[in-house]
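What follows is one structure encoded as C-alpha cells, with my remarks underneath.
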Amino acid sequence: MELKYNNYIKKTIDDIHKTYPKILNEYSFNVIVSDQLPFAIINPIVTYIKKYKKPEELILLGYSAGGNFMSHILSSLKYMKCKQKLITYDTTHCPHKAFINKNDKQIEEILCKNAIDKMYGGSYNWNNVINSACKYFNINKKEFIRKSSFNYNLNKNIVYYNIYEKYDPFVEHFNLLSIIKYKHLIKFKIISIQKNNLDHCTDMYFNTKYLRDLIYAIKDKI
C-alpha cells in the first residue's frame, strides 16, 4: 500500500501546521491514502492500525465518500480497547439515495458538465455508473450499495461527528434516520455539526475556517 497525500488531506495538514501548531504536540497524525481501489483499502488499513497495540485514542477522518470507508474500517476495529472517534466531512451516507431522485440533467449540473465529459464521455446515467462499477469490482448491485454506504454497525462507545453542509447538492439531509435501513444498529453517539454553505467539500479551499469544526471534533473530550 502506497502512503501519499491527496489534495484534501494535504491542505488539512498544511493548515493545521499553520493555524493550530500546538495540536501536533498532542496528537500523532497518520495520513494513509492508497492508490488501490476503494473497496480494496479497508483490510490493509485495518491491518496497519492494528500495529498500534494500545493507543489511548483512535480518530478516523474521511472526506465525502471517504467517510463511508472509514466507517467500515472502524466497524472492523470495534473490539479495539481504546477511545474511538469517527469524523466525516460532507459525507454522503447513502450515495445511491443521494442521486436516485435526481434526473440526469440535475446530476450534470451538480457534477459540472466538463467533469462529465472527462469522466463519462459526455453522457451520464446513474444506473449505468452503478452497473459499470459492479462489473469492474465483480460484485452485485446490493453488495456495491452496502460497501459504498455508511456502516452503522459500530462500537456503542464510539462518538461520531457528522460535519455537513445544509445545502450540499450531493446530500439530502431531510431526515437522516428516515433513510437508514439499519438504524436499529445505531447504539453510538452522533454529534451533527451543520454548516450553512452551498458546496461539497469546497469550502475548505478558500480559507482555514473549516478547521474550527475539525479541531473541535478532534479535541472534544469523550
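The values are calculated or read from the model by the stated rules, or taken from the named source; none is laboratory data. As the structure is a computational prediction, the values presented were derived from the model and not from experiment. Because the Cβ atoms are built from the backbone with ideal geometry, glycine has one as well, and the counts that use them run over all protein chains shown.
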- State all residues of segment 150-166 that are part of a loop (DSSP other than H, G, I, E, B) and at pLDDT 85 or above; if no residue qualifies, say none. F150, N151, Y152, N153, L154, N155, K156, N157, I158
- Message: So in segment 62-97, with the set limited to residues that are in contact with a helix residue (DSSP H, G or I) (Cβ under 9 Å, 6 or more places away or on another chain) and basic (K, R), which one is surrounded by the most Cβ atoms within 10 Å (Cβ to Cβ)?
- Response: K85
